[in-house]
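Visitor: Below: one structure in structure tokens.
The values are calculated or read from the model by the stated rules, or taken from the named source; none is laboratory data. Given the structure is predicted, the values throughout are model-derived calculations rather than measurements. In this analysis, Cβ positions are derived from the backbone assuming ideal geometry, glycine residues included, and neighbour counts consider all displayed protein chains.
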Amino acid sequence: MLATVYSDTQRAHNTAGVRLEGHPYIIDEVPARAEILLQAVRAAALGPVVAPDDFGLAPILAAHTAEYVDHLQTVYAATAAIDGQAGPVLGNTFAPRGALRKPASVLGLTGYYSYGVGSPVLAGTWAAAYAAAQCALTAAARVKAGERAAYALCRPPGHHAAADLYGGYCYLNNAAIAARWLAQTTRSRVAILDIDYHHGNGTQMIFYRDPGVLTCSLHAHPDDDYPWFWGAADERGDGPGLGFNHNWTLPQNTGDEPYLAALAAALGIIASNDPAWLVVSAGFDIAVGDPVGGFAITPAGLAAIGAQIASLGVPTIIAQEGGYLLDRLGANALAFLGAFA
Ligand SMILES: [Zn+2]
């Protein structure tokens, strides 16, 4: 049995059919992803599907700054008021190296708090991101209460969002919010394992100086793919967090065998850290054929990845991240989740 935590409110971030200045604005992170995943876990009778409890803003503010959260909540209405009409909010001038000040204008802040145009703020973005964070927290609470594992069907995803920076389809870092909540409420060590095709740069940034949350990420080499500016193997943490961040960069077209070898190395480091809780950032864009990813992990590989992680025996929260191969997304997710059911 594996409980799935899901909220319909996540559909409110409706990236399908968005138009920008009269043109279709197409991104792969669409509401149908969550609907496909939900249908798959229901059809497989993986376990109960439950709505999230509301933990409020406090656990979100333990991972993100108050100014950033306020910006996400208000930027859509604020820019609509300035523009005289509502529409997708995208930064068009991003804070570059050498930027000297945080702007007061909300138009400037859109480029201060984001680093790319893959994350438009739409009418329902805040509501959906808030609901996704509550899904992760509810999954964490179930595991804290004794369940072996729980699946947070989060959308939008979270691992590219840092304390005060969003990008890569992400706004609130669901996995980080759950991990910090567990660390703070149980006063015990937490490990985050990010298996999404892309480096979990937001997660890395949030915990870079924190020795209480070990962060491990397996991903495409940043010379080959997004997020470009983070993810190298020599990024090991800083200050008190030095030695508690680990990255494994894998070449394009990585298949099951080399992936599982890198995963074994990551799991060895996690085991030696002896965490009380494990949060998995689960991105199925590692699957062969994914239109956004560049690896070649088979369904059998996904099942083996799930089994290896489950064999650690650490109570585990699985937070949904990427995965864009819509016609196989449900089967790929089930291949992985089956190890925890
Ligand atoms: Zn990804």
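Visitor: Out of everything in region 1-26 that is buried (at least 18 other Cβ atoms within 10 Å of the Cβ) and part of a loop (DSSP other than H, G, I, E, B), what residue ends up being farthest from the chain's Cα centre (by Cα)?
Guide: Result: Leu2.
Visitor: From the residues in region 209-230 that are charged (D, E, K, R) and within 14 Å of the ligand (Cβ to nearest atom), which one is farthest from Arg189 (Cα to Cα)?
Guide: Result: Asp224.
Visitor: Quick check on this structure: which one of Leu312, Leu302, Leu337 is under 17 Å from the mean Cα position of the chain (by Cα) and either surrounded by 17 or more Cβ atoms within 10 Å (Cβ to Cβ) or not in a helix (DSSP H, G or I) (or both)?
Guide: Just one listed residue meets the conditions, Leu337.
Visitor: For residues in region 140-183 being in a helix (DSSP H, G or I) and within 15 Å of the ligand (Cβ to nearest atom), which is farthest from Asp54 (Cα to Cα)?
Guide: Going through the qualifying residues, I end up with Ala175.
Visitor: Do we find that Gly87 is at pLDDT below 95 and in contact with a Gly (Cβ under 6 Å, 6 or more places away or on another chain) in this structure?
Guide: When the stated conditions are applied, Gly87 does not pass them.
Visitor: While we're looking at this one, here's another question. State whether one or more residues within region 122-139 are over 18 Å from Gly56 (Cβ atoms) and of a type outside the set (A, V, I, L, M).
Guide: Yes; the residues of region 122-139 include at least one that is over 18 Å from Gly56 (Cβ atoms) and of a type outside the set (A, V, I, L, M).
Visitor: Residues in region 24-38: is at least one over 30 Å from Leu334 (Cβ atoms) and free of Cβ contacts under 8 Å to residues at least 60 places away in the same chain?
Guide: Yes, some residue in region 24-38 is over 30 Å from Leu334 (Cβ atoms) and free of Cβ contacts under 8 Å to residues at least 60 places away in the same chain.
Visitor: Here's a follow-up. In this structure, is Glu29 under 22 Å from Asp285 (Cα atoms), among the acidic types (Asp, Glu) and assigned to a helix (DSSP H, G or I)?
Guide: no
Visitor: Identify the single condition in (1) more than 16 Å from the ligand (Cβ to nearest atom); (2) in contact (Cβ under 8 Å) with a residue 24 or more places away in the chain that Asp327 does not satisfy, given that it satisfies every other one.
Guide: It fails just one condition, (2).
Visitor: Among the residues of region 179-191, which ones are under 17 Å from Tyr130 (Cα atoms) and touching a Pro at 6+ places or on another chain (Cβ under 8 Å)?
Guide: Hits for region 179-191 are Arg180, Trp181.
Visitor: Then there's this: Restricting attention to region 261-293, which residues are in contact with a Pro (Cβ under 9 Å, 6 or more places away or on another chain) and aromatic (Phe, Trp, Tyr)?
Guide: Within region 261-293, Trp277 is the sole residue that qualifies.
Visitor: Also, I was wondering about something else. Restricted to region 82-101, and to residues that are in contact with a helix residue (DSSP H, G or I) (Cβ under 6 Å, 6 or more places away or on another chain) and small (Gly, Ala, Ser), which residue is farthest from Leu122 (Cα to Cα)?
Guide: Ala95
Quick grid of which residues meet (1) crowded, with 19+ Cβ neighbours inside 10 Å; (2) within 16 Å of the ligand (Cβ to nearest atom); (3) assigned to a strand (DSSP E or B):
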residue: Glu257; (1), (2), (3): no, no, no
residue: Ala261; (1), (2), (3): no, no, no
residue: Ala265; (1), (2), (3): no, no, no
residue: Gly268; (1), (2), (3): no, no, no
residue: Ser281; (1), (2), (3): yes, yes, yes
residue: Pro291; (1), (2), (3): no, yes, no
